[in-house]
Amino acid sequence: MSIQNKNIISIIKKFPTDGHSPYLALNDEFEEFVVKPPQSQYDFGAIKKEFLCALLLPHWSLLTPPFFSCNVSQDLLAATLMHDNRFKLTDSYFASLFIEDVTELNQLFEFKGKVALKSIRIKEDLIRLALFDVWVENDDRKPTNSNVLLKSTENQFDIYAIDHAFTFASVALDSLYIGILSFSDNDSILYSELGKELVRNCEINDNWLKEFEQYFYLCIQNCRENFKDIINKIPETYQLTVNEINCLQQFLFDDKRNKEVLSTLFYIINDIRK
């Protein structure tokens, strides 16, 4: 089944950011979405990565807002978006459902102590997300720019990962460095205040490390077995070329590199727990 397409009928506002500056928009079913068009004709690769990571995250049992492709009407383009040349590049864009009542991780001033940590529904999700970031070489999720939303449900927070345009070492998918890991461990989200508290309060021992390693390789296996289906779900406008698919497959499933991915995460954990 391909990704569902949504029809945008109204623009509510623009989010001014250092990156893609997406729009908050309304579709014809009166649902709110965050719409992200490519910045230029050279930026389609970044939107490919948005779809790709959104499709990979569920295979890691990690949350991300429901996502779709979307289009906007010619009337809306003429009335509201004619000044934004990004919408003239294509008629298909990345969109994610706008989630209400959320807090961005880096907006928290303090999140310390075991009582506060009980507010996180699944304590290890941030550690798992940090491992995912190493695996896809996410250059953008870091303590100063978390790209993590905390959604409050029944007095507990669920962790949602957003914004994956600058993954895969921020290079073209057909230019990936096969077998090489270039992730900067100093930028890991685990060095955020919440991340450090979670790591320091986890009962990390040999059994925990073994189970985490098993989790990682099960995720890799899951992604490998579903790789063709994942690629085929990406909308036609952003479909990967044969060369991109081959490079990506070698990049993600290289045994030597994945051993280094895991050891990098364990190094970060040990560094925080010193």
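The values are calculated or read from the model by the stated rules, or taken from the named source; none is laboratory data. This is a predicted model, so every value here is computed, not measured. As a convention, Cβ positions derive from the backbone with ideal geometry for all residues, glycine included, and neighbour counts pool all protein chains shown. Heavy atoms of the whole protein, side chains included, go into the accessibility calculation; ligands, DNA and RNA do not. Shrake-Rupley method; radii C 1.70, N 1.55, O 1.52, S 1.80 Å.
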Worksheet, complete the sentence: Along region 69-83, Karplus-curve 3J(HN,Hα) (6.51, -1.76, 1.60; θ = phi - 60°) to the nearest Hz, with x for Gly and Pro, reads 8, 8, 9, 10, 6, 4, 5, 5, 4, 5, 7, 10, 10, 5, 7
Worksheet entry | Heavy-atom SASA rank of Thr237, Thr64, Thr144 (probe 1.4 Å, accessible area, largest first) | Thr144, Thr237, Thr64
Worksheet item: Which value, in Å² rounded to 10, gives the accessible area of Asp91 with a 1.4 Å probe and all protein chains present?
Response: 110
Worksheet item: Summing -39500 (n - 2.57) over the DSSP H runs of n ≥ 4 in the chain and dividing by its residue number, what mean residue ellipticity at 222 nm do you reach, to the nearest 500 deg cm²/dmol?
Response: -11000 deg cm²/dmol
Fill in: Between region 141-156 and region 192-227, the Cα center-to-center distance that results, in Å
18
Discussion item. Can you tell me the mean projection area, over all orientations, of the convex hull of the chain's alpha carbons? Units nm², please.
Written reply: 14.7
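Which residues make up the longest stretch of the chain that has no chymotrypsin sites (Phe, Trp or Tyr not before Pro) in a DSSP loop with at most 11 other Cβ atoms within 10 Å?
Here the longest segment lacking exposed loop sites spans 110-274.
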Discussion item. Over all directions, the average projected area of the alpha-carbon convex hull for region 125-233 comes to how many nm²?
Written reply: 8.7
Fill in: ³J(HN,Hα), Karplus 6.51/-1.76/1.60, whole Hz, each residue of region 22-38, x for Gly, Pro
x, 10, 8, 9, 10, 9, 6, 10, 6, 9, 9, 10, 9, 9, 10, x, x
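With only alpha-carbon atoms in the gyration tensor, what are the semi-axes of the equivalent ellipsoid for region 15-83, in Å, largest first?
Output for region 15-83: semi-axes of 23, 16, 11 Å.
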Worksheet item: Roughly speaking, what is the centre-to-centre gap between region 234-266 and region 1-55 when only Cα atoms are used, to the nearest Å?
Response: 23
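How big is the charge dipole of the chain about its Cα centre, in debye rounded to the nearest 20, if each Lys and Arg gets +1 on its Cβ and each Asp and Glu gets -1 on its Cβ?
Working: 28 positive and 40 negative charges, 82 e Å.
It comes to approximately 400 debye.
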Practice prompt. Give me the accessible area of Asp185, 1.4 Å probe, in Å² rounded to the nearest 10.
Written response: 40
Item to complete: Rank Thr90, Phe67, Leu26 by how far each Cα sits towards the positive end of the charge dipole of region 25-144 (+1 on Lys, Arg Cβ; -1 on Asp, Glu Cβ) and give me just the farthest.
Response: Phe67
Practice prompt. Give, rounded to the nearest 20 debye, the magnitude of the charge dipole that region 1-99 has about its Cα centre when Lys and Arg contribute +1 at Cβ and Asp and Glu contribute -1 at Cβ.
Written response: 260
Fill in: Glu50 accessible area, assembled protein chains, probe 1.4 Å, Å²
10
Worksheet item: Largest first, how would Ser10, Ser69, Ser182 line up by accessible area (1.4 Å probe)?
Response: Ser182, Ser10, Ser69
Fill in: Net charge over other residues, Cβ less than 13 angstrom from the Cβ of Leu24 (K, R count +1; D, E count -1)
0
